[in-house]
Amino acid sequence: MTKIYAEIIGTMILVFLGNGVVANVVLDKTKGHSKNVEWLTITIGWALAVFMGIAVSAPYSGAHLNPCVTISFAIIGKLSWDQVPFYIFSQFIGAMLGSLFVWFLYKDYFFENQDKKEKLSVFVTIPSIKNLFSNFLSEVLATFIFIFISLYLSTEGTLFFKEGKYPVGLGSLGALPSALVVLGIVLSLGGSTGAALNPARDLGPRIIYSIIPIPGKGKSDWDYALIPVLGPIVGCIMASTLYLFLSS
């Protein structure tokens with residue numbers, strides 16, 4: 001249960017801060033509203049959200065916060081398959097809670113904003129050009145690179161002295177490499193779809209968006225919803241398979 005709670009809280013922090021920075025940038029009359037540096041601000045905000053979500057949950061669950069990470073760890077043998085459903089369920093619950101908190105925090109500003117697409121973008125990824133095959137390929141490739149690099153991240157080691165051996169690591173800064181990977185991936189490869197990289201991060205908030213009474217909101221774009229779910233899953237399976245092949 002501790003792992004479940006940690007994944008819920010960690011993913012909630014991830015989505016609350018990640019979607020929160022989008023709301024702060026795109027909604028009218030917020031302190032952070034800007035059309036000039038919104039992509040860079042949002043990308044950095046999401047990277048920092050990853051850092052903080054991992055820092056809180058890593059000691060208890062390993063801080064997957066993403067079904068793709070969970071599936072990849074199971075494929076390479078770092079996680080038992082019987083734990084996978086519990087991790088993924090927790091991540092979706094956390095993502096839904098995080099997006100709900102964003103709604104509570106920025107509720108007044110949703111009333112001020114008249115752009116339906118911008119309201120939706122607070123919660124989910126939206127492709128710059130909607131082409132389902134190209135969008136799917138973009139999510140596959142971006143997640144492939146993200147997971148493949150992430151599987152090689154290591155922040156722990158051991159120092160040996162005459163008195164004995166002592167574990168060493170980066171402590172809370174151990175979350176920094178993952179945050180930098182997300183920053184680099186989204187800056188470089190997110191121009192097409194926003195690079196969801198995480199099925200829970202997109203589908204959970206999309207469900208919340210479809211339920212809550214946002215004034216003047218448009219459709220939830222369900223015909224696109226499978227792309228940021230299936231694309232990352234395919235990408236993570238490819239990355240894990242390649243990692244196992246190279247490690248054998």
Quiz item: Got a sec? Which of Ser72, Ser90, Ser57 is touching a Gly at 6+ places or on another chain (Cβ under 6 Å), part of a helix (DSSP H, G or I) and either touching a residue at least 40 places away in the same chain (Cβ under 8 Å) or surrounded by 19 or more Cβ atoms within 10 Å (Cβ to Cβ) (or both)?
Solution: Ser57
Self-check item: Residues that are hydroxyl-bearing (Ser, Thr, Tyr) and at pLDDT 85 or above, drawn from the range 20-51
Solution: Thr41, Thr43
Quiz item: Among Glu112, Glu118, which is at pLDDT below 95, touching a helix residue (DSSP H, G or I) at 6+ places or on another chain (Cβ under 7 Å) and within 30 Å of Ser220 (Cα to Cα)?
Solution: Glu118
Quiz prompt | Residue under evaluation Thr41, criteria (1) surrounded by 19 or more Cβ atoms within 10 Å (Cβ to Cβ); (2) assigned to a helix (DSSP H, G or I), criterion not met | solution = (1)
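Let's see how each residue does on (1) in a helix (DSSP H, G or I); (2) surrounded by fewer than 22 Cβ atoms within 10 Å (Cβ to Cβ):
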residue	(1), (2)
Leu48	yes, yes
Gln83	yes, yes
Ser99	yes, no
Gln114	no, yes
Quiz item: What do you reckon, is Trp103 within 24 Å of Met238 (Cβ to Cβ), modelled with pLDDT under 95 and not basic (Lys, Arg)?
Solution: no
Quiz item: out of contact with any Pro (no Cβ under 9 Å at 6 or more places or on another chain) and either among the hydrophobic types (A, V, I, L, M, F, W, C) or without any contact (Cβ under 8 Å) to a residue 60 or more places away in the chain (or both), is that true of Thr2?
Solution: yes
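The values are calculated or read from the model by the stated rules, or taken from the named source; none is laboratory data. Predicted model, so just to flag it, every value in this text is computed and none were measured. Counting neighbours? That spans all protein chains shown, and the Cβs are built from the backbone with ideal geometry, glycine included.
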